[in-house]
Amino acid sequence: MFKLPDVFEVEIPKKSAWNIPEPVIENADEKKRLFGLELAKNSPFKAACIVFQDDTNTALWVSHNWVNDPIAVAAKDKYLEAADTSQALLDKEQFARMLLNMANEKNASNTVHILDGKDRLKALELYAKVRGLIDTKPDPSQTTFVHNSMTIKLVEPQSKEKPAVTLENNEVENKNTNSPLKLKLVG
């Protein structure tokens, strides 16, 4: 109808807070490596602040422009790879062995256990659970079920039956003498 274009382009403003000129950085490659190492541990801006300490403007520029830099990314990946290999997860047997060593650990003169009695007992109990010596699930044959129930019975009061009165000549006995009505049974 108006033949407006579907797409339009906007020119980047010449003056903007995001158009910060590239700062002059001495030993840029070394700083990129340091930034990559800190980037593995922290957010980009915090990592840049650690590397450039008091120069916040440079840290801001670096946090936006060096995040995908090949030198910084390579240093970050190398650090994370080394951290993964040094902190391998324990398997079940290694964990159980560590618990047993902890429970049996003694002081330097090999006379007194380092852990208190209750802590040693907890470590040994956890060791037994890990090794499967203690069942953590209760035995279903030994469980008792307690059913809490409430029974409500609605009871009516006992009805007092009046003895049957036999009337002759289809007359109803009027016991209420104060009533002006006289009733006669027609049947």
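The values are calculated or read from the model by the stated rules, or taken from the named source; none is laboratory data. In this text, all values refer to a predicted model and were calculated from it rather than measured experimentally. Don't worry about glycine lacking a Cβ; one is built from the backbone with ideal geometry, like all the others, and counts go over all protein chains shown.
Residue under question is D84, and the condition is that it be charged (D, E, K, R) and closer than 19 Å to A28 by Cα; does it hold?
The answer is no for D84.
When you look at A82, is it farther than 30 Å from R131 by Cα and in contact with a helix residue (DSSP H, G or I) (Cβ under 6 Å, 6 or more places away or on another chain), yes or no?
It is false that A82 is farther than 30 Å from R131 by Cα and in contact with a helix residue (DSSP H, G or I) (Cβ under 6 Å, 6 or more places away or on another chain).
Name the single residue that is modelled with the highest pLDDT among those in the range 115-172 being surrounded by 11 or more Cβ atoms within 10 Å (Cβ to Cβ) and of a type in the set (V, I, T).
Taking the candidates together, the pick is V130.
For the range 63-107, which positions are surrounded by fewer than 16 Cβ atoms within 10 Å (Cβ to Cβ) and of a type in the set (G, A, S)?
Once the filter is applied, which keeps residues that are surrounded by fewer than 16 Cβ atoms within 10 Å (Cβ to Cβ) and of a type in the set (G, A, S), the range 63-107 yields A74, A82, A83, S86, A88.
Regarding the range 45-52, can at least one residue be identified that is closer than 28 Å to E22 by Cβ, free of Cβ contacts under 8 Å to residues at least 40 places away in the same chain and of a type in the set (K, R)?
yes
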